[in-house]
Amino acid sequence: MVAADGVIACVYALVLPMMTRDGPTPGPALWWQGMVVAGIALPCAARRVWPVPVFWTVLAVTVFGWSTGHLREPFAAAAFALYPVALADAPRRGPSTRVIASVSLGLLAVGLVAGTPVAWQGDLVRLLPLGPVMPGASWAIGRALRDRRAAAARVTEELAGRAVAEERLRIARELHDSVAHSMGVVAAKAGVTRLLLPAGTDASVRAALHTIETTSREALTEMRRMLGVLRTEVGPDELAPAPGIAQLPELVRQAATVGVRAELDVRAAGDLPDTVQLTVYRIVQEALTNVVKHAGPTRCRVVVAATGQEVRIEVADDGETDLADPAAGAGGHGLVGMRERVAMYGGEFSAGRRDIRGFYVSASLPYRAGERR
Amino acid sequence: MTERIRVLVADDQALLRGTFRLLVDSAPDLVAIGEARTGAEAVDVARRGDPDVVLMDIRMPELDGIEATRLICAASPGTRVLILTMFDLDSYVFGALRAGASGFLLKDTPPEDLLSGIRTVAAGEGLLTPRMTGRLIAEFARHAHPTAAVPRTLDGLTTREREVLTLVARGLSNAEIAGHLHLSPATVKSHVGHLFTKLAARDRAQLVIAAYESGLVAADRR
């Protein structure tokens, strides 16, 4: 962007003298003119770097050129330099965009009635209405674009916030669901064991089982109530059990039907706790969805490796990721969810471009093993 | 003694399957004839084993419990399905009843109640908790459409039958109704049988609907 501004500044520095030289009066000293042209055109190269100083410099030199008759520059450079100032302007400061646009149009109308803008003369009477027209238009356009960008940024922020909230709701729902199932197993097991106790069993054992049974039943009732709050609608997967490691091959098969050939490598992950299995599944699911959506037909490698204390998940593809920055763009939605899930377990998460080509997602979740069955 | 009630346990969690099987086998009048890990397996085992009652989980891989119930009820009318699930979501209850399930219980139901539930269903009675019956009525209240081809009137019912119908609509079992009205269970059963005939109802859920549609009971609005 800055390089483009530099090229424009240099070209303008070359064009400007031509506009000046074919004037009706004999030109002033050439070196003076050269200085003024350079003073107007060259700062424009840095308009995005120091918008405000560049604008005032260009404007000052232009006014000086006009008033001393060195130049009949139509304030094009000033307009060019004002644009980034308008873009960076703080919201709700200065005159409104509408006022700027209306005044510019009004001045243009006055100028058109008063005289032909083509016959640029050095007199200040002409300058007054017509000078500000081009900068005014530039200012108005810059401001309008700024307003639009600000609105777009707000919408993006709101959407991102909503995505996080929705994802947290989903995570909470799945977690409560999983805990409720475990609680149900406790209640059923305790109840049946109590019923089947042999006749001579100590009364305290019977009482203990009864306590386990009723307490877990009460907890389950609370969980159901909680789930009623969390459940916004019955999802399409409510008729199937919560997915886990055993369902990963099915995900890979689904990806294959849309052209992503994934290679699945699961190491020692069969007896992870249910909630961790579900989290692993969701992360692989989101990562594969991103590959399908953004990398198109490609190859991809999925590794799920458990060590007994930690499970690592790596999903890496060789595709041409179609987003400038998938972590920030539309592809970020899935990443938001993955990050949230990993954060819940106090794990680590990273995602980004691979060195040569493709995109990777890497996560690790700590867990406690050996407590099942 | 009459023949034992043959029960099939369908649940994808091995721990629960084992627990319920243990419970069934502990009752002298019940016997577990098999287990199923998926809905598809339940359909298969039910076809070969011809159980009296299937204890059916809803969330199962391959085929969910509601679909499995539909297939089993269509294939063998003699088999009753008792849904046994962790959540009493409306969609589960209504889906299961539409599919032909005879009853619906939660997995943490006290084991004594679970056993009597199996016997109730095996005897051909429906089984819903009062809470579910209430929601069933509320659901019909929401989707009430005056399209009933046969207007349900209670003109042909005796006073006693109306009383029984009111209690059925509140989700009470025959034994509970008998207790309420100081009748013998056999008398209640014959009253319910008359209600089935007079109201052209296939099961208790339909009796509940008839009770609602006729205005005998109103939806419980909380």
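Among what's in segment A:176-200 and is more than 9 Å from chain B (Cβ to nearest Cβ) and in contact with a Leu (Cβ under 6 Å, 6 or more places away or on another chain), pick the residue that is farthest from residue A:238 (Cα to Cα).
Here the answer is A:190.
Is it the case that residue A:261 is over 32 Å from the mean Cα position of the chain (by Cα), over 26 Å from residue B:38 (Cβ atoms), open to solvent by 80 Å² or more (accessible area, probe 1.4 Å) and more than 11 Å from chain B (Cβ to nearest Cβ)?
no
Can you find even one residue in segment B:198-207 that is assigned to a helix (DSSP H, G or I), in contact with a Lys or Arg (Cβ under 8 Å, 6 or more places away or on another chain), surrounded by 13 or more Cβ atoms within 10 Å (Cβ to Cβ) and at pLDDT 80 or above?
no
Do the conditions hold for residue A:210, that is, is it farther than 19 Å from residue A:344 by Cα, assigned to a helix (DSSP H, G or I) and within 12 Å of chain B (Cβ to nearest Cβ)?
Against the criterion (farther than 19 Å from residue A:344 by Cα, assigned to a helix (DSSP H, G or I) and within 12 Å of chain B (Cβ to nearest Cβ)), residue A:210 qualifies.
Taking segment A:196-211, which residues are touching a Ser or Thr at 6+ places or on another chain (Cβ under 9 Å) and surrounded by fewer than 19 Cβ atoms within 10 Å (Cβ to Cβ)?
Matches in segment A:196-211: A:196 only.
What are the residue pairs meeting all of these: first residue in segment B:106-122, first residue over 23 Å from residue A:219 (Cα atoms), second residue of a type outside the set (Val, Ile, Thr) and surrounded by fewer than 17 Cβ atoms within 10 Å (Cβ to Cβ), Cβ atoms under 8 Å, and 6 or more apart or on different chains?
Final answer for the pair search is B:119/B:29.
In segment A:220-242, is there at least one residue being open to solvent by less than 50 Å² (accessible area, probe 1.4 Å), in contact with a His (Cβ under 7 Å, 6 or more places away or on another chain) and without any contact (Cβ under 8 Å) to a residue 40 or more places away in the chain?
For segment A:220-242, residues open to solvent by less than 50 Å² (accessible area, probe 1.4 Å), in contact with a His (Cβ under 7 Å, 6 or more places away or on another chain) and without any contact (Cβ under 8 Å) to a residue 40 or more places away in the chain: absent.
Please determine whether any residue of segment A:273-282 is surrounded by fewer than 16 Cβ atoms within 10 Å (Cβ to Cβ), within 13 Å of chain B (Cβ to nearest Cβ) and not small (Gly, Ala, Ser).
Within segment A:273-282 (the criterion being surrounded by fewer than 16 Cβ atoms within 10 Å (Cβ to Cβ), within 13 Å of chain B (Cβ to nearest Cβ) and not small (Gly, Ala, Ser)), the answer is no, since none of the residues qualifies.
Looking at segment B:1-112, what strands (runs of 3 or more DSSP E) fall wholly within it and have at least 1 residues that are more than 10 Å from chain A (Cβ to nearest Cβ) and not hydrophobic (A, V, I, L, M, F, W, C)?
B:5-10, B:30-36, B:80-85, B:103-106
The values are calculated or read from the model by the stated rules, or taken from the named source; none is laboratory data. On a predicted model such as this, the values are computed, not experimentally measured, just so you know. Here Cβ is always computed from backbone atoms with ideal geometry, including for glycine, and neighbour counts include all displayed protein chains. Each accessible area value is taken on the protein alone, full model and side chains, heavy atoms only, with ligands, DNA and RNA left out. Shrake-Rupley method; radii C 1.70, N 1.55, O 1.52, S 1.80 Å.
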